[in-house]
Amino acid sequence: MNNLPNTANVVVIGAGLMGCSTAFELAKKNVKNIVVLEKNAIGSGATGQSSGVLRGHYSYEELTRMAVQSLETFKNAEDILGNDVGYQPVGYLFGVDHKNIESLEKNVAMQKQNGVNTGMISKDEVKEISPYLDTGQFGAFAFEPEGGYGDPVLLSQAYADAARQLGVKIKQHCGVKRILTSEDGSSIVGVETTDNNTVYTSTVIVCAGVGAHHLMKNVGVKVPIRGQRAQLIYIDPGAEIKKAPSFGDFMHDQYIKPEVSSGHLLLGNADHAAPQFIDPVDYDVDNYPKHATEEAIEKAIVKFLHCFPTLDKAKLLASYSAAYEITPDGIPYISRTPIEGAYLCTGFSGHGYKITPVVGKLTADLVLEGKSKQEGISLSPFRLTRFEEQDLLKPKHPYTTTVNSHV
């Protein structure tokens, strides 16, 4: 590529949400000559496959704070980034069975202490928010009126545009073949692109999702991360639904996101008891199924109708198969590595979209300061060495479901 610079102060690998937000935050801090390299198009990887649900509901206090602080960017995106990001505050409803009522109450109390606009609500109140939901089978509910959903692709484009205005160069269809290190392997010296060009740099930030596995393996750094298949379907509910929040159903392990403009619903499976993993090699060359299986579709419909029995005229519209970038504990890496100048921002395990704004700031802090400058948020839980140190982030009040690492 003739316009690819030979040198850069920072190279960011991946122009998804994390790569673009990190580049923007670094440029805001007056870092010059930042180059973002993307093998396809902006937001075309895991970002473009995200369901886009927004919530502050976590059992992890650290992630709760990240979601709260990030929400301010979603609410004020046009002022901060100069573009609309599709934020729809339709609310986020969260339901549990009777076994998990106490955990829900304690987690909601923790969330409120950390700034989430949330609270327990009665089943009668749920009926006002989601009239078609059969509330009788649930134990309890919580509701966030400022939750809902947004558009991950619009957000990545907004960050990319804002970064460009600050001088960041984003090169699309320019993947990274390998990271280059010094002769002794101790420090970064550059990257080699898939079209055999070299960009020399002393700082590389790997925001490549599952692709981080191979890039770092080739320089001798093990990054535990796998692609977990996620199968999602779009349905026409068969009725005009005027009120529909995003819904985290922890009784049946599913989530539902409305589409305000079309009236359609997105159904996602949150049961991770028997995950299907995609080989990193297959993921890297885009060799995995792109549609949901008949079995997955049938399970999704059965779960949906169990919750919304009167919507029995719902029709399947489409399906797609995506890939979560999963770490062993379901917590991302925002971390330095054993190689001087090599940083990770990857492995978001389904959390990424809703905490993007803070992740960009944290990664910039890591590179420039070596520590977090974000109030109440530590980088320690996200370090790569946590597994060998056996020091993992754990919720105080986990839910007894198969989705704990996602909530």
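The values are calculated or read from the model by the stated rules, or taken from the named source; none is laboratory data. In this text the structure is predicted, and so the values were computed from the model without any measurement. Glycine gets a Cβ as well: all are built from the backbone with ideal geometry, and neighbour counts include every protein chain shown. With ligands, DNA and RNA removed, areas are computed over all heavy atoms of the protein, side chains included. Shrake-Rupley method; radii C 1.70, N 1.55, O 1.52, S 1.80 Å.
For residue 140, enumerate residues with amide H under 5 Å from its amide H, sequence gap 5+ or separate chain, H modeled in the peptide plane.
Counting only residues 5 or more places away or on other chains, the set is 96.
Percent relative contact order of the chain, based on C-alpha pairs within less than 8 angstrom and at least six residues apart?
Taking the mean separation of contacting Cα pairs over the length of the chain, I get 23 percent.
Once phi is turned into θ = phi - 60°, what whole-Hz ³J(HN,Hα) does the Karplus curve with 6.51, -1.76 and 1.60 give for every residue of the stretch 342-348, x standing for Gly and Pro?
Residue by residue, the stretch 342-348 yields 10, 10, 10, 9, 7, x, 7 Hz.
Along the charge dipole of the stretch 201-248, which of 218, 239, 201 sits closest to the positive end, that is, farthest toward it, with unit charges on the beta carbon of Lys, Arg, Asp and Glu (+1, +1, -1, -1)?
218
Mind checking which lysines have their Cα closer than 24 Å to the Cα of residue 361? Skip sequence neighbours fewer than 8 apart in that chain.
Output for residue 361: 28, 29, 32, 39, 75, 112, 169, 171, 371, 373, 394.
May I ask you to list the trypsin sites (Lys or Arg not before Pro) in the stretch 214-315 that are in a DSSP loop and have at most 16 other Cβ atoms within 10 Å of their Cβ?
Hits after loop and neighbour filter: 222, 242, 243, 290, 313.
What is the calculated FRET efficiency for residue 177 to residue 290, with r their C-beta to C-beta distance and R₀ = 30 Å, to the nearest 0.05?
For residue 177 and residue 290, the calculated efficiency is 0.75.
Per-residue ellipticity at 222 nm for the chain, helices alone: DSSP H runs ≥ 4 residues times -39500 (n - 2.57), over residue total, nearest 500 deg cm²/dmol?
Rounded to the nearest 500, the figure is -8000 deg cm²/dmol.
What is the antiparallel percent of DSSP beta bridges lying wholly in the chain, to the nearest 5?
Roughly 70 percent of the DSSP beta bridges within the chain come out antiparallel.
Restricting to DSSP loop positions (anything but H, G, I, E, B) with no more than 12 other Cβ atoms inside 10 Å of their own Cβ, which GluC sites (Glu not before Pro) remain in the stretch 141-239?
Passing both the DSSP loop test and the Cβ count: 183.
Please give the charge dipole size of the stretch 74-116, origin at the Cα centre, charges +1 on K and R Cβ atoms and -1 on D and E Cβ atoms. Round to the nearest 20 debye.
200
Work out the charge dipole of the stretch 21-101 with +1 on the Cβ of Lys and Arg and -1 on the Cβ of Asp and Glu about the Cα centre, then indicate which of 35, 101, 54 is farthest towards its positive end.
35
Rounded to whole Hz and in sequence order, give me ³J(HN,Hα) for the stretch 238-252 from the Karplus expression 6.51 cos²θ - 1.76 cosθ + 1.60, θ = phi - 60°, writing x for Gly and Pro.
Values, residue by residue: x, 8, 7, 9, 7, 10, 7, x, 5, 10, x, 9, 8, 8, 10 Hz.
Could you give the accessible area per residue of the chain, probe 1.4 Å, as a whole number in Å²?
Value for the chain: 42 Å² per residue.
Points 7 angstrom from Cα along the Cβ direction at residue 28 and residue 98: gap in nanometres?
4.8
Please state the charge dipole magnitude for the stretch 1-82, taken about the Cα centre, from unit charges on C-beta atoms (+1 on K and R, -1 on D and E), reported in debye and rounded to the nearest 20.
I would put it at about 160 debye.
Treat every Asp and Glu Cβ in the chain as -1 and every Lys and Arg Cβ as +1, leave all other atoms uncharged, and give the resulting dipole magnitude about the Cα centre to the nearest 20 debye.
560
Name the long-range amide H neighbours of residue 7: under 5 Å, sequence gap of 5 or more, or other chain; modelled H, no Pro or chain starts.
When sequence neighbours closer than 5 places are left aside, the close amide H contacts are 200.
Between residue 123 and residue 7, what is the spin-label point distance in nm, taking each point 7 Å from the Cα along the Cα→C-beta axis?
Going by the 7 Å Cα→Cβ label model, 6.9 nm.
Along the stretch 104-112, what does the Karplus equation 6.51 cos²θ - 1.76 cosθ + 1.60 (θ = phi - 60°) give for ³J(HN,Hα), rounded to whole Hz, x for Gly and Pro?
Listing the rounded values in order: 4, 4, 5, 5, 5, 4, 4, 4, 4 Hz.
Which far-off residues, 5 or more places away or on another chain, put their amide H under 5 Å from the one on residue 194, with H placed in the peptide plane?
175, 176, 177
Heavy atoms only, probe 1.4 Å: what % of the accessible area of the chain goes to carbon and sulfur, would you let me know?
Result for the chain: 47 percent of the exposed heavy-atom area is carbon or sulfur.
Shape call for the stretch 1-160 from the C-alpha gyration tensor, a ≥ b ≥ c root eigenvalues: rounded (a/c under 1.5), prolate (a/b greater than b/c) or oblate?
Prolate, because a/c is 1.5 or more and a/b exceeds b/c.
For the stretch 214-281 and the stretch 144-172, write down the distance between their C-alpha centroids in whole Å.
Their Cα centres are 21 Å away from one another.
Any chance you could look up the accessible area of residue 251 with a 1.4 Å probe, heavy atoms only, rounded to 10 Å²?
In the full protein context, residue 251 sits at about 70 Å².
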